[in-house]
Amino acid sequence: MRRAINYVPDRHSGLILAILPFVFLMGIYLVGSDARLSANPDDKLMPGLKAFFDAINHLAFTENRRTGEYVFWTDTLISLQRIFIGLSISTVLAIVIGLPIGLLPYLNRLFGPFMAAFSLIPPLAVLPILFIIFGLGELSKIVLIIFGVAPFLIRDMAMATLAIPKEQIVKAQTLSASSWQILIHVVFPQVLPRLFDSLRLMLGATWLFLIAAEAIASEGGLGYRIFLVRRYLAMDVILPYVAWITLLAFLMDYFLMLGSRAMCRWHHIR
Amino acid sequence: MTEIAIKNVFKEYNRNPILERVNVTLPDHEFCLILGSSGAGKSTLLRMLLSQETPSRGEILIDGEPIDVEPQADRGVVFQRYSVFPHKTVLDNVLAGPSFRESRFFGRLFGNRKAKLRDRAMELLDQVGLSDAADKYPVQLSGGMQQRLAIAQALIMEPKVLLLDEPFGALDQSTKKSMHKLILDLWNANKMTIVMVTHDIQEAFTLGTRVLMVDKQRRDPQAPEAYGSTIVHDLRLDPARKAPLDPSDNEENQSMEDIFLKWAGRMDHAIVEGAPHPTTPEAASVSAKEVA
């Protein structure tokens, strides 16, 4: 007997193992759904595959009679647009504010404790304030995402900057680099891999803030739709939407990883 | 001409004296080795020469002028670790200094100016034996190669003083030997002063034209922190009159195996099992000389 930590699956069985939980979950659902539907054909809680197919077909591939839109794709587009704008602005803020706070001692003393306190404000608690200030339109949803994500990213980038070995900064100075050059040629490239990692880790929170904002006041979006059809116990719509959101988040995570590989080649060489 | 004068320098951290009454003058083209045990303050002295730290009292002059309050290009540096930029290729690491100096806003050069600097950088990489690795990233280099790169990166700025903080401390014996030869060649070829910190006494005497030892002169057993270190020994050596410590140490580029065989020969009487046998032609020639 070897120790459990020394049993490593090969490539083939690793792949099977990775798929197993998904198949297992689906199997359990189908069995449960089948049992409930045979007892009560009108059961709404666990619809069968046919109901899902009909719902997706209705929302994604049939024109809405009233608006002429394909609801599923419109929802997706609206939500993705909010997420991209929110994340992009948060990323820019993290770079433009976080790096100088980490590099310049005066800014660090001035804003370090403030950012620490600011990032601890629960974003959902200030959501009403955002609605009051920015209205119920697009802006308040994007601001909520920024409010939830940016302070974390800013602090993270400031800490990553502080963690760069002092030797690097001193060496750059002996190579006649200015503060600005150190910022863009030494600090920025070295914290970029960490920025990608942090963005990936924040994707869950980003979607959380988006759906929260859409649930409370919105006229479209994936979160809006889920909370709208909730009133009719429409699990045949809610479950595919949840799966779709998960897939979108997974794809974003994957593309961020590819971005990191492409832009920080030095970091991924092993 | 570069003369460094350290005049009555004191350094303390939170009232704890680290260095006291340090007085030393280094004439032009000195290769100064600073020896001392861990915590003796030898690296603190080097960091003050670099302006990474400022003396609590006293002053440091280069050619009669006080040194700048922050690190500048007149004093190049190689640390034991983290000296090269991990996100730049070998060539870009060497080009970093001139690019910073000549393109103040972008820090990047293009066209003719870049081509000219590129030639100079490749020349330097050739001198330190890295021209084949120009497009690699530092993580792809061995420890010795990274330190060679750090030296080339500092030399392209043509500093008056090159400061080395235990640069070969993490390298294996044979790599260390080839680095010694390299740094001596570069010191001879470039008219610069080198100040190097080490705790390796053999290294200090092999390389230095000046060997300083930093240690506490006064000790209080009840309060070990009460006194700082100062320069307790100050020797000048003439490189031309240096006797090789061990004739076989003069072999250029001794490989790990050469040294292994030499030691195996020395320990011959203690070997209980196994016989050392050379596997490469160079090693064979060394062991042949050992036998003769």
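Tell me, please, whether a residue that is among the aliphatic types (A, V, I, L, M), assigned to a helix (DSSP H, G or I) and within 22 Å of A:Ser218 (Cα to Cα) can be found in segment A:39-47. Looking through segment A:39-47, none of the residues is among the aliphatic types (A, V, I, L, M), assigned to a helix (DSSP H, G or I) and within 22 Å of A:Ser218 (Cα to Cα).
If you check A:Ser38, A:Ser33, A:Ser88 for being surrounded by 16 or more Cβ atoms within 10 Å (Cβ to Cβ) and among the polar types (S, T, N, Q), only one passes: A:Ser33. Listed by position, the helices (runs of 4 or more DSSP H) enclosed by segment A:153-270 that each have at least 1 residues that are under 30 Å from A:Glu69 (Cα atoms) are A:188-216, A:222-229, A:235-263. Kindly indicate the residue of segment B:156-169 that is open to solvent by 10 Å² or more (accessible area, probe 1.4 Å) and more than 10 Å from chain A (Cβ to nearest Cβ) and also nearest to the chain's Cα centre (by Cα) among those meeting that condition. So the residue we want is B:Glu166. Among the criteria (1) touching a residue at least 60 places away in the same chain (Cβ under 8 Å); (2) more than 10 Å from chain A (Cβ to nearest Cβ); (3) crowded, with 17+ Cβ neighbours inside 10 Å; (4) of a type outside the set (A, V, I, L, M, F, W, C), the one B:Asn23 does not fulfil is (3).
Restricting B:Leu212, B:Leu186 to those that are within 22 Å of B:Thr2 (Cβ to Cβ), modelled with pLDDT of 90 or more and not basic (Lys, Arg) reduces the list to B:Leu212. Taking the criterion of being of a type in the set (Phe, Trp, Tyr), surrounded by fewer than 18 Cβ atoms within 10 Å (Cβ to Cβ) and more than 14 Å from every other protein chain (Cβ to nearest Cβ), would at least one residue in segment A:216-228 satisfy it? Yes. Across segment A:159-191, which residue is surrounded by the fewest Cβ atoms within 10 Å (Cβ to Cβ) among those that are in contact (Cβ under 8 Å) with a residue 12 or more places away in the chain and at the interface with another protein chain (Cβ under 8 Å from one of its Cβ atoms)? So, considering only residues that are in contact (Cβ under 8 Å) with a residue 12 or more places away in the chain and at the interface with another protein chain (Cβ under 8 Å from one of its Cβ atoms), the one surrounded by the fewest Cβ atoms within 10 Å (Cβ to Cβ) is A:Pro189.
Among the residues of segment B:134-152, those that are within 14 Å of chain A (Cβ to nearest Cβ), without any contact (Cβ under 8 Å) to a residue 60 or more places away in the chain and within 20 Å of B:Pro98 (Cα to Cα) comprise B:Asp135, B:Lys136, B:Tyr137, B:Pro138, B:Ala152. Residues in segment A:232-258 that are farther than 16 Å from A:Asp75 by Cβ and either touching a helix residue (DSSP H, G or I) at 6+ places or on another chain (Cβ under 6 Å) or crowded, with 17+ Cβ neighbours inside 10 Å (or both) were compared, and the one that is modelled with the lowest pLDDT is A:Met235. Of all residues in segment B:190-228, those satisfying the criterion of being buried (at least 18 other Cβ atoms within 10 Å of the Cβ) and charged (D, E, K, R) are B:Glu203, B:Arg210, B:Lys216.
Taking segment B:255-292 as the search range and keeping residues that are open to solvent by 60 Å² or more (accessible area, probe 1.4 Å), in a helix (DSSP H, G or I) and modelled with pLDDT under 65, which one is nearest to B:Ser178 (Cα to Cα)? That would be B:Glu282.
Filtering segment A:229-270 to residues that are under 18 Å from the mean Cα position of the chain (by Cα) and within 14 Å of chain B (Cβ to nearest Cβ) leaves only A:Ser260.
The values are calculated or read from the model by the stated rules, or taken from the named source; none is laboratory data. A quick note: this is a predicted structure, and the numbers were derived from the prediction, not measured. Quick reminder, even Gly has a Cβ in these numbers, built from the backbone with ideal geometry, and neighbours come from all protein chains shown. Surface accessibility is based on the protein's heavy atoms, side chains included, excluding ligands, DNA and RNA. Shrake-Rupley method; radii C 1.70, N 1.55, O 1.52, S 1.80 Å.
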